[in-house]
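Input: a single structure, listed below in structure tokens.
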Protein chains: 2
Amino acid sequence: MNKDDLASIVTKITNIPWNARNVERVLSALLVSSNFWDIVSFSFEPLPAVAAVLRTLAEEGIVFFSELGVELTDRGRRFIEREKIFPLHSHACPRCEGRTVVIDEFQEAFGKFAKIQLDRPEAIIKFDQGYVTPDTTFARIALADSRGDLRGKRALVLGDDDLVGIALGLTGLVEDIVVLELDERIIDFEQRVASQYSLPLKALKHDLRKPLPEELLGSFDVFFCDPPETVEALDAFVGRGVVGLKGLGGAGYFGITHAESSFYKWRLLEMALLQRGLVISDIITDFNVYMNWEYVDEMLAWDLAPVKQPPHRNWYKSSMIRVEVVEKVEVPNEDLTDRDIYNDPESSTT
Amino acid sequence: MNKDDLASIVTKITNIPWNARNVERVLSALLVSSNFWDIVSFSFEPLPAVAAVLRTLAEEGIVFFSELGVELTDRGRRFIEREKIFPLHSHACPRCEGRTVVIDEFQEAFGKFAKIQLDRPEAIIKFDQGYVTPDTTFARIALADSRGDLRGKRALVLGDDDLVGIALGLTGLVEDIVVLELDERIIDFEQRVASQYSLPLKALKHDLRKPLPEELLGSFDVFFCDPPETVEALDAFVGRGVVGLKGLGGAGYFGITHAESSFYKWRLLEMALLQRGLVISDIITDFNVYMNWEYVDEMLAWDLAPVKQPPHRNWYKSSMIRVEVVEKVEVPNEDLTDRDIYNDPESSTT
């Protein structure tokens, strides 16, 4: 049994295209932590594939599961040596946590935000929620400001678990903000905060599977969203952002994870973006860090996990993607309500 | 005259597809610095287009050229206000300079490298050279190590103005390094250093327009290169790296600038990469910082510059791109010696 064999088995079990390198990444990750959620995070591989390879390694006597999580057997240690696997070694900047930008200039807005978000609605599985750390939310703003996408501009936020709309409002950089959101708890919360702090923000109830409302088409300079990661859903959600933009030169920000999207699928996602007339100008790994959410044991991911241990740090991360419209392409704005676009073999947290 | 008009004029003069947003970026940059080279750097736009828009703005009485560089007229200040242009505001992390990684763990190797590179051959225009700061070279290694691309691996360096081969050798992370280089001064230098410091490095004379030598095909885990930026040349040079890789899961690192490639062209470059079976996993803006080179006044860029002032800081930067092979695609390894693949309307430093 070598890495190639393991990759084939994983592909057979999960339908996720894998090669020896993907296996290697999981092994490098488990040399750094025995916690299952850490291993997913450090491997940059889709959770169902990580679960499948760990179960297979256990059957082969290379790892075993304990209350500590995933541990190497003696046989496993020899395997690691023979296959020349090294522990993953991160050199991420301790100051910006690998995000490229710092939020120092937003201290005042950040202070207000930190207090405001204490009363935020909790994430619920019904809306496929899960929100990022306040640092992440503000880092997005620092990044967008560094790219000239905010000052004097109009911003559209498509789904706002992360309260990007509020943070944008508090920094006072954009001219106005429209938030579209399905969860009335978030709409009420953002409206209340907006009126209390006099933010130029309007939060509207809207199901993103529905076409973008006529009056919002072609109106914005920048959009933020956090799309589901099937090729079809990402294409559709980013497409909603694009039809909301004024046109050439408009920009969009969203995350893509490795936990739900293999490198193989990433390429397909990138193709879909380019086909929409977009250029990808930035991809910043592990930029978005999600708070551990309360419904962890209700997810498919929990069933898949070979050891039922809770995450012990924020493990769910995504790369920050910035796109910009460089070619005018007709982007559809169709109704997707009756299509199942949310699930593929790589998803596990919805 | 508005931003759209200016964009059309630039496209007519330079053949570079531009829109109002591109114009805006130049204006935002000139609100931050009057130095022409800074304006190119901060605008993230191709130098010939920046030069063309500045000349047009001068004809319109919006800017004027002085010994300080590019300055706004009174009319220009009103234009800026009417068009709602804001100065570009960077939040780049002061610790890693926006690179996401730090080189703290390589202090010893870096110290040796800093001394070694004092004797390096100077960049010459004949070989389209220009090399990065020592910090940049080591940051590349920190990034590649953070992605698991070095330990126990074989590295191929295609063209090595930047002395990546030496830095890799000094860190002791990879198993071995092959450098292909046209400039015999660099080959001699690297061979001498390799033998003096017992580095596992071989530097071979090779013209990258020629096919990769048979014995190097399918041999490496990772490649580094610094390709010219026409679509054809980037495709060909990255292709050389790809045919040097063992196959699926192999990784490549290279830079793409904004000074030589518009966002419009970036999209075409990205399409070419995806078509080679690669996924783009990272794009880190301004990661690679080049030392100002001595032949600045021999470049086309100097002729294009509307003011003949020297750069007063390192202005030439590129985004770091990491790609990984996720699909086996037949990549050609053909001879390009007799084709002019180095120039397009956006190039100016070759």
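Tabulated results
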{"read-out": "Selection from B:PHE189, B:THR257, B:PRO228, by position along the positive dipole direction of chain B (Cβ)", "value": "B:THR257"}
{"read-out": "Environment charge at A:VAL231 (Cβ cut-off 14 Å; Lys +1, Arg +1, Asp -1, Glu -1)", "value": "-4"}
{"read-out": "Unit charges on C-beta of K, R, D, E only; dipole of chain A, Debye", "value": "780 debye"}
{"read-out": "Listing of region B:229-270 residues, each with accessible area lower by at least 30 Å² in the full protein assembly than in the chain alone (probe 1.4 Å)", "value": "B:LEU248, B:GLY249, B:PHE263, B:TYR264, B:ARG267, B:GLU270"}
{"read-out": "Efficiency of FRET from Cβ geometry, A:ASP4 and A:THR73, R₀ 30 Å, rounded to 0.05", "value": "0.90"}
{"read-out": "Kirkwood-Stokes translational diffusion coefficient of region B:24-79, alpha-carbon pairs, 20 °C, 1.002 mPa s, µm²/s", "value": "197 µm²/s"}
{"read-out": "Stokes-Einstein D (µm²/s) once Rh is taken as the Kirkwood radius of chain A over alpha-carbon pairs, at 20 °C in 1.002 mPa s", "value": "102 µm²/s"}
{"read-out": "Helix-only mean residue ellipticity at 222 nm for chain A, each DSSP H run of n ≥ 4 adding -39500 (n - 2.57), per residue, nearest 500", "value": "-11000 deg cm²/dmol"}
{"read-out": "Protein accessible surface hidden between A and B, which excludes ligands and nucleic acids, total in Å², probe 1.4 Å", "value": "4900 Å²"}
{"read-out": "Length released on extending from B:VAL329 to B:VAL32, taking residue separation times 0.36 nm less the Cα-Cα span", "value": "102.4 nm"}
{"read-out": "Kyte-Doolittle mean at least -1.0 and Cα axial length at least 15 Å: DSSP H helices in chain A", "value": "A:3-14, A:20-30, A:47-59, A:134-146, A:184-196, A:231-244, A:263-275"}
{"read-out": "√(5λ) per eigenvalue of the Cα gyration tensor, region B:165-299, largest first, Å", "value": "25, 20, 15"}
{"read-out": "Protein-protein interface of region A:76-112, residues with accessible area decrease of at least 30 Å², isolated chain reference, 1.4 Å probe", "value": "A:LYS84, A:PHE86, A:LEU88, A:HIS89, A:HIS91, A:CYS93, A:PRO94, A:ARG95, A:THR100, A:VAL102, A:GLU105"}
{"read-out": "Computed Rg/Rh of region B:138-221, alpha carbon atoms with Kirkwood Rh", "value": "0.95"}
{"read-out": "Listed residue pairs exceeding 29 Å between alpha carbons, taken from B:LYS210/B:LYS328; A:LYS12/A:LYS84; A:LYS112/A:LYS328; A:LYS265/B:LYS210; A:LYS246/B:LYS265", "value": "A:LYS112/A:LYS328; A:LYS265/B:LYS210"}
{"read-out": "Heavy-atom accessible surface of the protein assembly as shown: percent carbon and sulfur, 1.4 Å", "value": "49 percent"}
{"read-out": "Charge dipole magnitude, Cβ of K and R +1, D and E -1 - region A:99-169, Cα centre, debye nearest 20", "value": "220 debye"}
{"read-out": "Simple label model, 7 Å out from Cα along Cβ direction - B:THR337 to B:LYS126, nm", "value": "1.8 nm"}
{"read-out": "Size of charge dipole - the protein assembly as shown - debye, nearest 20, with Cβ of Lys, Arg +1 and Asp, Glu -1, no other charges", "value": "580 debye"}
{"read-out": "Residues in region A:115-160 that, when all protein chains are in place, have 50 Å² or more less accessible area than the chain alone would give (probe 1.4 Å)", "value": "A:SER146, A:ARG147, A:ARG151"}
{"read-out": "Rounded if a/c under 1.5, otherwise prolate or oblate - the protein assembly as shown, Cα gyration tensor axes", "value": "oblate"}
{"read-out": "Under 11 Å, Cβ to Cβ, from A:ASP145 - net charge with Lys/Arg +1 and Asp/Glu -1", "value": "+2"}
{"read-out": "Pairwise label distance in nanometres, B:MET291 with B:VAL231, each label 7 Å out on the Cα-Cβ vector", "value": "3.6 nm"}
{"read-out": "Inter-label distance for A:LYS210 and B:ASN314, nm, one decimal - labels placed 7 Å from Cα along Cα-to-Cβ", "value": "5.3 nm"}
{"read-out": "Area of A:LYS205 that stays accessible when all protein chains are in place (1.4 Å probe, Å², to 10)", "value": "120 Å²"}
{"read-out": "Among B:ASP303, B:ASP74, B:ASP149, residue whose mean-square fluctuation peaks in a GNM of chain B (springs only between Cα atoms under 10 Å)", "value": "B:ASP74"}
{"read-out": "Solvent-accessible area per residue, Å², over chain B with all protein chains present [probe radius 1.4 Å]", "value": "37 Å²"}
{"read-out": "GNM result for chain B, Cα springs below 10 Å: residue of B:VAL26, B:VAL101, B:VAL157 fluctuating most strongly", "value": "B:VAL101"}
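The values are calculated or read from the model by the stated rules, or taken from the named source; none is laboratory data. What you see is a predicted model; the values in this text were computed from it and never measured. Cβ coordinates were reconstructed from backbone atoms using ideal geometry, including for glycine residues, and neighbour counts include every protein chain displayed. The area values use the complete protein model at the heavy-atom level, side chains included, leaving out ligands, DNA and RNA. Shrake-Rupley method; radii C 1.70, N 1.55, O 1.52, S 1.80 Å.
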